[in-house]
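*Asks:* Below is a structure I'd like to ask you about.
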Amino acid sequence: MTQAGPAGPVQVNVPLREPFYPKAGEEVVYEPDVKIIRDDRSHHALPPAEILELREHLRTAGRVVVVAGQQAASPGLAAALDEFAAARQAALVADVISNLSDVRRTVQRQDIFLAGLSKEQKAALKPDLLITFGQSLISKSLKLFLRDAAPSQHWHLQASGEAADTFRRLTRIIRVQPATFFQQLLVLKTADYNGSGGSNPSFSAVAEAVVPANVPSVAAAWQQADAAAAEFMERYFAGAGQPFNEFSAFRLALAALPESTALHLANSMAVRYANILGLPAGRQIEVFANRGTSGIDGCTSTAVGAALARPERPVVLLTGDVAFFYDRNAFWHNYPTPNLRVVLFNNHGGGIFRIIDGPRQQPELDEFFETTQALTAENLCRDFSLRYFPVSSFDELNAALPVFFAAESGAAVLEVFTDSKTNAAFFEEYRKAVKAAF
């Protein structure tokens, strides 16, 4: 409590570097060298001299990997990325919250295969030049891989504001909008490459301007791993005898999403499950998530607000019970939200702590990590006139989903009851299967 005016409570935020949960006897070592990062001037558009410099770097950089973090959907960026990745033979890797899942050749299953590949197998995926943009990433496997990969150059595209050195390899901050960067790197005048002047070149001429000869296609290696991960997931969930669990239930809910859904993902396991499983292809689904310092507050309120703001569009919130009940007053308003659907995965506690490494190994797990509660959404749905669908088996879930998502049926909550220990055991079996498959 501060005594200076105005007196009141004080919140102290202490950022801690990993490992958060060190193993017994583990030595924590910090790098002694101070790294210098070049921070370019901010531009509405890159000057011609800088474009030529960047193209020259691209010609000599070797293997290029582009990684997209969280951002709003942008058709212009998606189109520019598609062309750039094809021209430069670059791998494009994107989390589910990047809103790039419908871009051709985008690698989306890195959470799966990076968790299973050996060090030797990962060597084929390592970039010489890493280009990043957007906000945070979900995939811890991707973060750890890029830190270990140690690319010789890391460019981060960000028009303004402080840029975090997430992978500890940042060499240059390019102050321009990502869409502008990729568009300008590809839009060439003939004079740029043969001195003759004239009109814009063909695609092959663009490729010649940014691609060196005899560069191994890192894109092909990433795409092959991505395809193998997709095949593995199909086989894994097709297996018989699965207990009813939230991972499998989440997969079924994602597969049933309506066309053009505004998909809101709560934190903890909801956003992680979605990042592993990916979105159904070709449905123009836009993803939103309140990512910050691992917080759960406001996820439901954000989804309700989105449903009020865009009543013509289906809004779906996939959430866990702790996040949902923490923000239950989101429904306390006087306006109809017939387009809102909430899929609530209720395992009666903070089940994520039984799944992620660190907390699940701690003897204090039951008492201090998992937030045990016995609530259901039934009373809330009655209070706020929401249709209520409780399910606790695959048969019940499959029967409920078409009725729940039907456009004409109005706002509803689908509550999926699972057991936290069963969820943790199933996810551990999945982890073992991944390591055995890759």
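*Asks:* Can you find a residue in segment 179-196 that is surrounded by fewer than 19 Cβ atoms within 10 Å (Cβ to Cβ), modelled with pLDDT of 85 or more and part of a strand (DSSP E or B)?
*Replies:* Looking for residues that are surrounded by fewer than 19 Cβ atoms within 10 Å (Cβ to Cβ), modelled with pLDDT of 85 or more and part of a strand (DSSP E or B), one finds none in segment 179-196, hence no.
*Asks:* Follow-up. Quickly run through segment 86-97 and pick out the residues that are under 19 Å from L263 (Cβ atoms) and assigned to a helix (DSSP H, G or I).
*Replies:* V96, I97
*Asks:* Let me ask you something else. Under 7 Å between Cβ atoms, at least 6 apart or on separate chains: pull out the pairs that start in segment 339-350 with a residue that is assigned by TED's automatic domain parsing to the domain that holds A424 and part of a loop (DSSP other than H, G, I, E, B) and end on any residue that is of a type in the set (S, T, Y) and modelled with pLDDT of 95 or more.
*Replies:* From residues that are assigned by TED's automatic domain parsing to the domain that holds A424 and part of a loop (DSSP other than H, G, I, E, B), the pairs are N347/T418.
*Asks:* Any residue in segment 72-85 that is more than 30 Å from A262 (Cα to Cα), in contact (Cβ under 8 Å) with a residue 12 or more places away in the chain and part of a loop (DSSP other than H, G, I, E, B)? Steps first, please.
*Replies:* Of segment 72-85, the ones more than 30 Å from A262 (Cα to Cα) are none.
No, segment 72-85 contains no residue that is more than 30 Å from A262 (Cα to Cα), in contact (Cβ under 8 Å) with a residue 12 or more places away in the chain and part of a loop (DSSP other than H, G, I, E, B).
*Asks:* Of all the helices (runs of 4 or more DSSP H) wholly in segment 258-327, which have at least 3 residues that are at pLDDT 95 or above?
*Replies:* 269-277, 299-309
*Asks:* I'm checking my understanding of the structure. Among residues of segment 106-129 that are charged (D, E, K, R) and at pLDDT below 95, which one is nearest to E231 (Cα to Cα)?
*Replies:* Just the residues of segment 106-129 that are charged (D, E, K, R), to begin with: 109, 111, 119-120, 122, 126, 128.
If we keep only those that are at pLDDT below 95 as well, we get 111, 119-120, 122.
Working: D111: 14, K119: 22, E120: 22, K122: 19 Å.
Out of the qualifying residues, it is D111.
*Asks:* In contact (Cβ under 8 Å) with a residue 60 or more places away in the chain, farther than 15 Å from N423 by Cα, within 21 Å of the chain's Cα centre (by Cα) and not assigned by TED's automatic domain parsing to the domain that holds F427: which single residue out of A219, A253 fits that description?
*Replies:* Result: A219 is the single residue among A219, A253 that is in contact (Cβ under 8 Å) with a residue 60 or more places away in the chain, farther than 15 Å from N423 by Cα, within 21 Å of the chain's Cα centre (by Cα) and not assigned by TED's automatic domain parsing to the domain that holds F427.
*Asks:* Of all residues in segment 393-421 being in contact (Cβ under 8 Å) with a residue 40 or more places away in the chain and loosely packed, with under 15 Cβ neighbours inside 10 Å, which is nearest to T372 (Cα to Cα)? Steps first, answer last, please.
*Replies:* So the first thing to find is which residues in segment 393-421 are in contact (Cβ under 8 Å) with a residue 40 or more places away in the chain, and the list is 393-394, 397-398, 401-402, 404-405, 407, 410-421.
Those left that are additionally loosely packed, with under 15 Cβ neighbours inside 10 Å: 393, 398, 402, 407, 421.
Numbers: S393: 22, N398: 28, P402: 31, A407: 34, K421: 12 Å.
Out of the qualifying residues, it is K421.
*Asks:* OK, next. Just give me the residues in segment 217-259 being out of contact with any strand residue (DSSP E or B) (no Cβ under 9 Å at 6 or more places or on another chain) and among the aromatic types (F, W, Y), in sequence order.
*Replies:* F232, Y236, F237, F247
*Asks:* For residues in segment 130-153 being out of contact with any Ser or Thr (no Cβ under 9 Å at 6 or more places or on another chain) and among the β-branched types (V, I, T), which is modelled with the highest pLDDT?
*Replies:* Residue satisfying both the conditions and the ranking: I131.
*Asks:* Continuing with this model, one more query. Those residues that are without any contact (Cβ under 8 Å) to a residue 12 or more places away in the chain and charged (D, E, K, R), I need them from segment 149-188; list them, please.
*Replies:* Hit for segment 149-188 is E162, nothing else.
*Asks:* So V64 passes all but one of these: (1) farther than 23 Å from L125 by Cβ; (2) more than 20 Å from the chain's Cα centre (by Cα); (3) touching a residue at least 40 places away in the same chain (Cβ under 8 Å). Which condition number does it fail?
*Replies:* Just one mismatch for V64, condition (1).
The values are calculated or read from the model by the stated rules, or taken from the named source; none is laboratory data. Given the structure is predicted, the values throughout are model-derived calculations rather than measurements. Glycine also receives a Cβ, built like all others from the backbone with ideal geometry; neighbour counts cover every protein chain displayed.
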